[in-house]
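Working notes, structure below.
Since every read-out is calculated from the coordinates, none of them should be taken as a lab result. The structure displayed is predicted, hence computed values, not measured ones. Here Cβ is always computed from backbone atoms with ideal geometry, including for glycine, and neighbour counts include all displayed protein chains.
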Amino acid sequence: MPERPYVIDEMISAKAIAARLEELCREITAEFRDTDKLVVVGLLRGSFVFIADLVRELDLPIEVDFLEASSYGDSTESSREVRILKDLRGAIEGRDVLVVEDIVDTGYTLRHVLGLLRSRKPARMKSIALLDKPSRREVDIRADWIGFEIPDEFVVGYGIDFAQRNRNLPYIGKVRFTP
């Protein structure tokens, strides 16, 4: 449980997320329209709500797999050390892959995961992030598709947590610590 009391201010509504998701899915469907099957790789745990909504909107034959990477633990700051806690179950060599990330902050996790997956020789690989914090970037990486660019705020909701709390919020909220 978080040690400091906090409140959550809504930043991006559930309605805005749903509308943006529709736009993104049209673009992704167009990009991969010629695929025989798209392997959608969700980065756990933060992307699970996003990936569930994403795959329901994609008009493509898909397969879903998951990879769990961690650089935060229960902290609000990245450790910059990326650990793979759960690897893919299936092979991606010669396949089309879409990597789904909840938030790109420093960029270390996305860079590490894309490098790892590229080494497995997919036919084509693209990435999507629900949220992007370019002001926090420490490595040169950007997802191919971005849901929303946000300022340097600690956020929760729509699958994103703070010490394993608040994932169930239907919106993205900014955490504000109280005295």
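Of note:
- Across every pair of non-identical alpha carbons in the range 49-165, the mean reciprocal distance, once inverted, gives a Kirkwood radius of 15.0 Å.
- Antiparallel beta bridges, as assigned by DSSP with both residues in the chain, represent about 35 percent of the total such bridges.
- For the pair residue 164 and residue 84, a Förster radius of 22 Å applied to the C-beta separation gives a FRET efficiency near 0.70, rounded to the nearest 0.05.
- Taking every C-alpha pair closer than 8 Å and separated by at least 6 residues, the mean separation divided by the residue count of the range 1-103 gives a relative contact order of 31 percent.
- Radius of gyration and maximum dimension Dmax of the range 77-128, Cα, Å: 11.5, 36
- Rg/Rh ratio calculated on Cα atoms of the range 134-179 (Kirkwood radius): 1.02
- Size of charge dipole - the range 12-153 - debye, nearest 20, with Cβ of Lys, Arg +1 and Asp, Glu -1, no other charges: 380 debye
- Cα gyration tensor, the range 1-107 - rounded (a/c under 1.5), prolate or oblate: oblate
- Nearby aspartates and glutamates by direct alpha-carbon distance to residue 37 (threshold 16 angstrom, same-chain neighbours under 8 apart not counted): 57, 59, 63, 65, 93, 96
- Put simply, the C-alpha atoms of the range 99-160 give a gyration tensor, and the ellipsoid matching it has half-axes of 21, 12, 9 Å, longest first.
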